[in-house]
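The values are calculated or read from the model by the stated rules, or taken from the named source; none is laboratory data. Only a predicted model underlies this, so the values are computations on that prediction, with no experimental measurement involved. Here the Cβ positions follow ideal geometry from the backbone for every residue, glycine too, while neighbour counts run over all protein chains shown. SASA here: full protein model, heavy atoms, side chains in, ligands and nucleic acids out. Shrake-Rupley method; radii C 1.70, N 1.55, O 1.52, S 1.80 Å.
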Amino acid sequence: MKDGEYSLSESRGGTARSKALLTLFCIVFSLLIIQYYSAEFWRTNQVFYLTFILYTLTALFIFTSPKPVIGLLIIIISGLINRLTAFYASERYAGVDIYGHTEQIHAVATDGSLEVFAASKYFYAPIYHIQAAQGEILFNVSTKDALALTTMMAITILPLITIFVITNHLWDVQTGLSAAFLYVISNEAINWSVHLIPTSLGVAFFTILLLAIIFYYLTHDPRYYLVFGIALALLVFTHQVSLFIAAVAAIAFGTALCMYQMQIARLAANTWLVVGLIVVLDFMTTRYSGPTGERSFFHAVLGTFVTSILSSGTQIRAEASFPRDIPYSPSGASAMADIQLIGPSLLVFLAIVGALYWFHVKRTSEGLFLGLGLGMSVFTMIVFALGGPVFGIVDLLPGRWWAFIFVVFAIFGAVGLVFVVRQSGCQLKKSSSTDTVILIIIISILVVSMVGSATASSDNPYFEQGFDAERYSITEQEVAIAEHAQTIETDDITIETDHRFGQNIGREFVSTRTVRVEYGNPDSVAAETPKIVLNRDYLSKPPANIYLIIDGDQWLVHGGVDMEDLNPRFRSVIYDNGEDELLWVVRRS
């Protein structure tokens, strides 16, 4: 144990307590599997409770016996079981973009060629699709299973290990394990480990790049510079927005070195050179929308960027003009309940505490510089993530940046968490039982608020409060109504449902239109009839997306619509599976 390293069980039978915690971990893990199976692969509240307990036991083990191998192993196990239970809770997938990607993955695996990318924008970035297709072929499994065996493993394990290596080198084993733990429970990390798209793989490669640049600056070893270049190349062929985010972080890190030394450092110039060269070449040579595109990616993005800047002052945000005091909400920050923000807010708080403690304790040039570099990187990424939307700039996908930002937050947050726990112990005169209670309270609040948030549990949000707590998964009954609708679909009949469900089933089953209703007039659903409405039970829930018409203006809102409010003369059930139904809607005079 390094100087200052803290253990709840120091000189108090630590080995016995560690064994007890591992035994409890195995018991809770087994109960979680049994409960998940009993619930027919659905994440009930009991499954969530057991997941919370599993994570809490993991944290207690870290602070009781900070053994790196066992600690990392149980962090990986708890993180994977959380992600796998969320991933397989949906009959298809929990997300939107993933449906288009899985079509291409399956096409590559089936055809044995990359011909599917000939006219696709992913012609220039096929790594995500190729590695999943290889998994499908090698393991002889479905596309969904292949994604779990490849991309999910990469986005869960690679960042976790790299974060541990970085933090352990700069601090100690306990802080390193705490950083890995904070990352694995963060809502953004869980989200992108379940909604498996190229961004997910981009986060994994980003952490490798961060590790390489840190150790390159520390050791001046050209091998780390090579790894840095390889990570950038992998990002080039994975996801261009992820590449840009990594470039911003790397440039900011180098800038921090120059600020610290008050001169242009050779190491910083080397990283700027390779980053600038790769990004410019990639953006200038790739064609927007694929090889058949008329403009380069750079010109397309620059054009929309300029347009956003020029028009941002005249654009009206939905939140600014949407009527208040009605049971609907436009998408965005206004739809989010406060309870969904508790977990990320706690992580930010711990990161701030950790950063302040970092600069207070670290007196060596190495420690100060690396703290400054990480701080500059995360600050710059936050500026892009929050500053862009203020001016109407959304082309850089600001929502995706948080997955990368949380990597650095986990490192600073671990320092803050360990500091808070140690200080609590010092103030309470090392009362081990009291320390344990304090730690359990802190970890429990953090775990429940993070893992239970809508972002981390999009398959079936544990915290349902707020219009934005939208369920992205599809149940077996919902698949059944989509399949039945497919059998009766005709060109003359419009099929409607809520916006998210329509997006998810549109590629595999039937094309739908989003339900439209005038505020205060539920019978307006029967306009433009006859039509079929896929009336899944979720359509009446507050998070469901529909189009709401107010004074002639149409808004895509959360709030749902209850088809029971529609005049019974206008609707009749043509299919009912007990949970969801198909309605034949026609307006009669």
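Points worth noting:
- Scanning the range 554-585 for residues that are loosely packed, with under 13 Cβ neighbours inside 10 Å and touching a residue at least 60 places away in the same chain (Cβ under 8 Å) yields a single hit, Gly578.
- For the residues Leu210, Leu196, Leu218, Leu226, the requirement of being buried (at least 24 other Cβ atoms within 10 Å of the Cβ) and in a helix (DSSP H, G or I) singles out Leu210.
- In the range 483-513, residue farthest from Ser331 (Cα to Cα) [restricted to those that are among the hydroxyl-bearing types (Ser, Thr, Tyr) and in contact with a Lys or Arg (Cβ under 9 Å, 6 or more places away or on another chain)]: Thr494
- Wholly within the range 483-587, strands (runs of 3 or more DSSP E) carrying at least 1 residues that are of a type in the set (Asp, Glu): 494-497, 516-518, 553-558, 571-576, 581-585
- Taking the criterion of being within 15 Å of Ile74 (Cβ to Cβ) and open to solvent by 10 Å² or more (accessible area, probe 1.4 Å), the residues of the range 137-193 that qualify are Ile157, Ile161, Phe164, Val173.
- Within the range 527-555, being at pLDDT below 90 and either of a type outside the set (S, T, N, Q) or out of contact with any Lys or Arg (no Cβ under 6 Å at 6 or more places or on another chain) (or both) holds for Ala527, Glu528, Pro530, Ile550, Asp551, Gly552, Asp553, Gln554, Trp555.
- Odd one out for Thr150 among (1) more than 14 Å from Ile411 (Cβ to Cβ); (2) of a type in the set (S, T, N, Q); (3) touching a residue at least 24 places away in the same chain (Cβ under 8 Å): (3)
- Residue satisfying all of: in the range 333-344; over 16 Å from the mean Cα position of the chain (by Cα) and among the small types (Gly, Ala, Ser); nearest to Ile546 (Cα to Cα) among these: Ala335
- Filter result (among the hydroxyl-bearing types (Ser, Thr, Tyr), modelled with pLDDT of 90 or more and more than 30 Å from Ile185 (Cα to Cα)) within the range 70-119: Thr110
- With respect to the conditions (1) open to solvent by 20 Å² or more (accessible area, probe 1.4 Å); (2) touching a residue at least 12 places away in the same chain (Cβ under 8 Å); (3) under 24 Å from Val203 (Cβ atoms); (4) not in a helix (DSSP H, G or I), Ala119 falls short on a single one, namely (3).
- Counted residues, the range 335-384 - those being among the aliphatic types (A, V, I, L, M) and surrounded by fewer than 20 Cβ atoms within 10 Å (Cβ to Cβ): 14
- Residue list for the range 232-245, filter: surrounded by 23 or more Cβ atoms within 10 Å (Cβ to Cβ) and either aliphatic (A, V, I, L, M) or modelled with pLDDT of 95 or more (or both): Leu232, Leu235, Leu243, Ile245
- Search result, residues across the range 444-467 that are open to solvent by 40 Å² or more (accessible area, probe 1.4 Å) and closer than 20 Å to Ser331 by Cβ: Thr455, Glu464, Gln465, Phe467
- Taken residue by residue, the range 37-48 has at least one member that is part of a helix (DSSP H, G or I) and touching a residue at least 60 places away in the same chain (Cβ under 8 Å).
- Qualifying positions in the range 540-571 - over 16 Å from Ser329 (Cβ atoms) and not charged (D, E, K, R): Gly552, Met563, Leu566, Asn567, Pro568, Phe570
- Of all residues in the range 78-93 being part of a helix (DSSP H, G or I) and not small (Gly, Ala, Ser), the one that is surrounded by the most Cβ atoms within 10 Å (Cβ to Cβ): Asn82
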